[in-house]
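Chemist: Below is a structure I'd like to ask you about.
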Amino acid sequence: MSRRRLLGTFDNAQALTTEHHAYNIVTAVRLSGTPDEVRLQTALEHIVRRHAILRAHVVSGRRKFLDLSEISTLPLERQDRRDDRTWVGVVERELAVQFDLRRPPLGRCTLIVAADATASELILTFPHALVDGTAVAQLITELVSVLAGEDAQTEKTIEKDLPTSCDELFPSRWQRPRRLPASLNFFGRQMANEIAYRFKTRGRHSRPPAGPFRNRILPIALTREDTSTLVRASRTHRVSLVATLEAAMLIAVVRHCYPGLTLPHRYCAFPLLRQYLEPAVGNDVVGCYITVLRLAARVSGDDDLWELAGRIHRDLEQSMRRGERFLASVWSHFSMRTIFSQRSHRMSTTALSYTGAMPLPETPGKPEIREVHAFVSNFPLGPQYTAQARLFRGRLWLDILYLDSDFAEPEARAIADDMRHLLTSRPSTASDLTRETGRANP
């Protein structure tokens, strides 16, 4: 911990993205009832006092540093709730807010209130360079606790120093200089894969859209029954839920955007590093401890979900065994500089971040949490179709985001409907089920 520290390599990559485009994590907490605005302001003051990263800003020079500011709260804006979709427009607006990382406060809150006070939404916006999804979940937990009347403002909870950067906590095997051979091998594989990928897909992949664009959101959710069935099916097929979701998204996008073609497609996964660091970083630490992996799979719109999910699962496992969750972070700034230096290729076809179960407190009385949604800004050089996924109160939530320069709303929704159908389809007969389980358990 320190009051000033260097940005880590992945933080630098995200800061570079923020210099080119808005790159925010925007969370919508949908409530029944309306929080007291005075208490909400108190809650915002609490999380700023509690977490040093919320008082930080970037100092630029030959190298970029995080430094602490003297701010005491986050800006709070109030907005009238016209209907049940008012929050969608506010989220889309917040996704376009381009923070200047040199100028605190680096965060804001919007409270959307119904005229009869029966419903409201809290919209929290932060630059992704500072916080990950786990950190935002912690902030929501603390905000809800204060709103429920719990006194969380003791001196012992105040962070006087910034949390340690991810790079400094890599396991010794992945620290300099021991990582050098593996790092060079990783770089060589990435370059060879990129050359092969571009050769096999030349002229047949979507180019970055030109001109103005806007982030559009499309939240969907599975029922509890469908979620439970999907989790059981993933276990039966011995694939992770993230691999299943990646496969469903790829097949759905390819059906609509690349009909009749079988091509390699890049997809992005976002491993959480907290538990793999030394020492491990707890979920109560507010900071950014993720990285991005770009992998490729050969996909057609007619692929079987479970066969593709199996291939993706094996590729992700192999990548993790090689330590690529750390090596990708090491090379992330170079990768983003390369992406922004050319305008002809996108990062990937899809990107999906799965944060697992989101355990938020059940607060008695009002306001009570009804839903939680999260979105990350995209830009023309980014993936064609993205989603943030989580389990919340027994349901799988998929918060899809697309650019209006890529898709009209009906096409984006048709892709989402295809994803839902792939994830909820069940074998139609007993013999189909036998064949499915037989493939999974040879």
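Chemist: Ranked from highest to lowest mean number of other Cβ atoms within 10 Å per residue, what is the order of the peptides 133-142, 112-121? Kindly include the intermediate steps, with their values, before the conclusion.
Modeler: Working: 133-142: 21.5, 112-121: 16.8.
Those peptides, ordered most packed to least, come out 133-142, 112-121.
Chemist: Using 7 Å Cα-to-Cβ label points, what is the residue 307/residue 97 separation (nm, one decimal)?
Modeler: 4.7 nm
Chemist: How much length would be gained if the chain were fully extended between residue 318 and residue 235, taking 0.36 nm per residue of separation minus their Cα-Cα distance, in nm to one decimal?
Modeler: The span from residue 318 to residue 235 would gain 28.0 nm if fully extended.
Chemist: Quick one: Cα centre-to-centre distance for the range 285-347 and the range 102-162, in angstrom?
Modeler: So the two Cα centres are separated by 30 Å.
Chemist: With charges set only on the Cβ (+1 for Lys and Arg, -1 for Asp and Glu), what does the dipole of the range 4-165 come to about its Cα centre, in debye to the nearest 20?
Modeler: In total the dipole reaches around 660 debye.
Chemist: Let me ask something else about it. State, as an integer percentage, the relative contact order of the range 45-123 based on alpha-carbon contacts under 8 Å between residues 6 or more apart.
Modeler: Worked out over the range 45-123, it gives 33 percent.
Chemist: How big is the charge dipole of the chain about its Cα centre, in debye rounded to the nearest 20, if each Lys and Arg gets +1 on its Cβ and each Asp and Glu gets -1 on its Cβ?
Modeler: 1860 debye
Chemist: Further question on the same structure: Could you compute the net charge surrounding residue 248? Neighbours are other residues with a C-beta less than 9 Å from the C-beta of residue 248; K and R count +1, D and E count -1.
Modeler: Values: positive: 420; negative: 246, 418.
Charge balance near residue 248 sits at -1.
Chemist: Applying a 10 Å radius around every beta-carbon, put 412-418, 126-132 in order of their mean neighbour count, most first.
Modeler: 126-132, 412-418
Chemist: Next up: Please find the FRET efficiency linking residue 187 to residue 261, where r is the Cβ-Cβ separation and R0 is fixed at 25 Å, and quote it to the nearest 0.05.
Modeler: E between residue 187 and residue 261, to the nearest 0.05, is 0.25.
Chemist: Using the number of other C-beta atoms within 10 angstrom as an exposure proxy, rank 125, 73 with the fewest first. Kindly include the intermediate steps, with their values, before the conclusion.
Modeler: Details: 125 24, 73 18.
Sorted ascending by nearby Cβ count, the order is 73, 125.
Chemist: Now a separate question. Can you give the net charge of the other residues whose Cβ lies under 11 Å from the Cβ of residue 377, counting K and R as +1 and D and E as -1?
Modeler: Cβ neighbours under 11 Å give a net charge of -1.
Chemist: Rank by packing, highest mean first: peptides 320-327, 245-252, 22-29, 285-292, with packing defined as the count of other Cβ atoms within 10 Å averaged across residues.
Modeler: My ranking of the peptides, most packed first, is 245-252, 22-29, 285-292, 320-327.
Chemist: Once you list every other residue whose beta carbon is under 14 Å from the beta carbon of residue 403, what net charge do they have if Lys and Arg are +1 and Asp and Glu are -1?
Modeler: In short, -1.
Chemist: Sticking with this structure for a sec: Counting each DSSP H run of 4 or more residues in the chain as -39500 (n - 2.57), what helix-only mean residue ellipticity at 222 nm follows after dividing by all residues, to the nearest 500 deg cm²/dmol?
Modeler: Numbers: 12 runs with 163 residues, N = 442.
Theoretical 222 nm ellipticity from helices: -12000 deg cm²/dmol.
Chemist: Which Cα, out of 389, 240, 171, lies furthest along the positive dipole direction of the chain (beta carbon charges, K/R +1, D/E -1)?
Modeler: In the chain, that residue is 171.
Computed from the coordinates by the stated procedures, all read-outs in this text should not be read as laboratory data. All figures in this text were calculated on a predicted structure; none of them were measured in a lab. As a convention, Cβ positions derive from the backbone with ideal geometry for all residues, glycine included, and neighbour counts pool all protein chains shown.
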